[in-house]
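Below is one structure, written out as structure tokens; the observations come after it.
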Amino acid sequence: GLSTILNVDLSGDQWLQASLPVRDGGLGIRSAVMLAPSAFLASAAGTTELQSSILSPSLAIIPDTSVVSALQAWSIQSQSTAPVGTAAHCQKTWDSACTQRLKEELLGRSRDPRDRARLLASQATHSADWLFALPISVLGLRLSDEAVRVATGMRLGIKICEEHQCPCGATVDTLGTHGLSCRKSAGRHQRHSLINDIIWRALTKAKIQAIKEPSGLTRIDGKRPDGVTLIPWSRGRCLAWDVTVPDTLAASHLDRTSVTAGAAAEYAAELKTVKYSELISHYDFVPIAVETLGSWSGDALSFIKTLGKRLTEVTGDTQETFYLLQRLSVAIHRCNAICFIGSFKLYDALHS
């Protein structure tokens, strides 16, 4: 089972979350018990006219007890009103009501702000693109078994280690998330550099020449963004960008992320915009803000999608945006695993 494959122990609520569709914060390992009523009711609704034309009028008016019992089971799961008309022919319509109810129950049972932040982040748009990536090593899309275990554990809130002391002196709990924001974590710098490199390579592939860490853009404070294009990006203006990866579960962000998915990314983006405000008069500046659990700021996601369209114009491949988001998502979770491993003193001693 999943517990054996991932070498983790899942509680009841963690199994329930795993059974949700990926877009709803799960792993897409659907439960037959949850899906069966929706699948049956959609099929029954879609074939009603055909059944009526086949059966004699005396038989057609007899209630189908199977539909009645399936509708009862669905009503208990969804606590919702049954769809009518052509909407009732679609399994997704029935299933969405059940998954929405389950998401609300999981959030309602979450008293710990970290649990709420984790659940909200798992449901954010594009936070789970790593789950869709084909494990192709030459494209940088393969995650190691340990990286998959850590990524899944952090998505579901699973115990992934024993409590221990980080080389920085802090106590790391069994969820193992301390390393994501630890100041001594080497993975944080690798994560930043890798994301920056992916963006630079994507710009180059889109025939937009750019350089990383340019100097001399501002003469007052000498601050350097992570990159700048050498040809105009839009309206005759070149683009400058800077990457920031705030930790969704850091104590300093929980008051925001436990309420709204992506709130830490939005806040970090605002800080970056203020930091490089002097560039805005000469460049189109975009902060590439994405959280450790995958939630994007609005401006960053908009930029990535625009860059994906530019790539499509060059290559003709309509999936370029999705591929770019997958590479970035895989990079984040690969480096999250490095951050996690770096919280052990033995690892720190071996790499010092």
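Every read-out reported here was derived from the displayed coordinates using simple, explicitly stated rules and does not represent laboratory data. Keep in mind the model is a prediction, meaning the values are calculated, not measured. No Cβ is skipped: glycine too gets one built from the backbone with ideal geometry, and neighbour counts run over all protein chains shown.
What is the percent of Cα-Cα separations in segment 72-223 that go past 28 Å? If you can, show how the numbers build up before the last one.
Numbers: 5489 of 11476 pairs.
When all Cα pairs of segment 72-223 are counted, 48 percent exceed 28 Å.
Could you compute how fast segment 1-107 diffuses translationally, taking Rh as the Kirkwood radius over C-alpha pairs and applying Stokes-Einstein at 20 °C with viscosity 1.002 mPa s? Give it in µm² per second.
Once the numbers are plugged in, D ends up at 140 µm²/s.
For the chain, what is the mean residue ellipticity at 222 nm derived from helices alone (per DSSP H run of n ≥ 4: -39500 (n - 2.57); sum divided by total residues; nearest 500 deg cm²/dmol)?
Numbers: 15 runs with 175 residues, N = 352.
Dividing the helical sum by the residues of the chain leaves -15500 deg cm²/dmol.
Along segment 224-241, what does the Karplus equation 6.51 cos²θ - 1.76 cosθ + 1.60 (θ = phi - 60°) give for ³J(HN,Hα), rounded to whole Hz, x for Gly and Pro?
Listing the rounded values in order: 10, x, 6, x, 8, 7, 9, 10, x, 8, 7, 6, x, 10, 6, 10, 10, 9 Hz.
When Lys and Arg each count +1 and Asp and Glu each count -1, what net charge do the other residues less than 15 Å away from residue 316, Cβ to Cβ, add up to?
Working: positive: 205, 207, 309, 310; negative: 313, 317, 320.
Value of the local net charge: +1.
If the cut-off is 21 Å between C-alpha atoms, which lysines fall inside it for residue 309, apart from same-chain ones fewer than 8 positions away?
205, 207
Calculate the all-directions average of the projected area of segment 145-294's alpha-carbon convex hull, and give it in nm².
Working: hull surface 43.5 nm².
Mean orientational projected area (segment 145-294, Cα hull): 10.9 nm².
Relative contact order for segment 58-142: what is it in percent, counting Cα pairs under 8 Å that are at least 6 residues apart?
Working: 31 pairs, mean separation 12.9, N = 85.
About 15 percent, as a whole number.
Going by a ≥ b ≥ c, the root eigenvalues of the Cα gyration tensor, does segment 224-278 fall in the rounded group (a/c under 1.5), the prolate group (a/b larger than b/c) or the oblate group?
Values: a/c = 3.12, a/b = 2.72, b/c = 1.15.
It comes out prolate by the Cα gyration axes.
Place a label point 7 angstrom from the Cα of residue 145 along the Cα-to-Cβ direction, then list the residues of segment 4-22 whose backbone nitrogen is under 11 Å away.
Within reach of a label on residue 145, which here means backbone N under 11 Å from a point 7 Å along Cα→Cβ, segment 4-22 contributes 5-7.
At q = 0.28 Å⁻¹, what base-10 log of I(q)/I(0) does the Debye formula yield for segment 63-103 when every alpha carbon is treated as an equal point scatterer in vacuo?
One equal scatterer on each Cα of segment 63-103 leads to -1.03.
What lysines does residue 184 reach when the alpha-carbon gap must be under 27 Å and sequence neighbours fewer than 8 apart in one chain are set aside?
159, 212, 223, 272, 275, 345
Given 10 Å bins starting at zero, what is the percent of C-alpha pairs of the chain in each, up to the one with the largest pair distance?
In order of increasing distance, the bins hold 5, 21, 27, 22, 14, 7, 3, 1, 0 percent.
From the square roots a ≥ b ≥ c of the eigenvalues of the alpha-carbon gyration tensor of segment 247-295, which class results: rounded (a/c under 1.5), prolate (a/b over b/c), or oblate? If you can, show how the numbers build up before the last one.
Working: a/c = 3.29, a/b = 2.49, b/c = 1.32.
In terms of gyration-tensor shape, prolate.
Segment 54-156: percent of C-alpha pairs farther apart than 23 Å?
It works out to 54 percent of all Cα pairs.
Could you please report the charge total around residue 140, scoring K, R as +1 and D, E as -1 over all other residues with beta-carbon less than 12 angstrom from its beta-carbon?
Working: positive: 142, 201, 327, 334; negative: 197.
Net local charge, residue 140 excluded: +3.
So what is the relative contact order of the chain, in percent, for Cα pairs below 8 Å that sit 6 or more residues apart?
On the way: 569 pairs, mean separation 68.4, N = 352.
About 19 percent, as a whole number.
When the scattering of segment 250-352 is computed by the Debye formula from its Cα atoms alone, each counted once and equally, what is log10 I(q)/I(0) at q = 0.20, 0.24 Å⁻¹?
-1.08, -1.20
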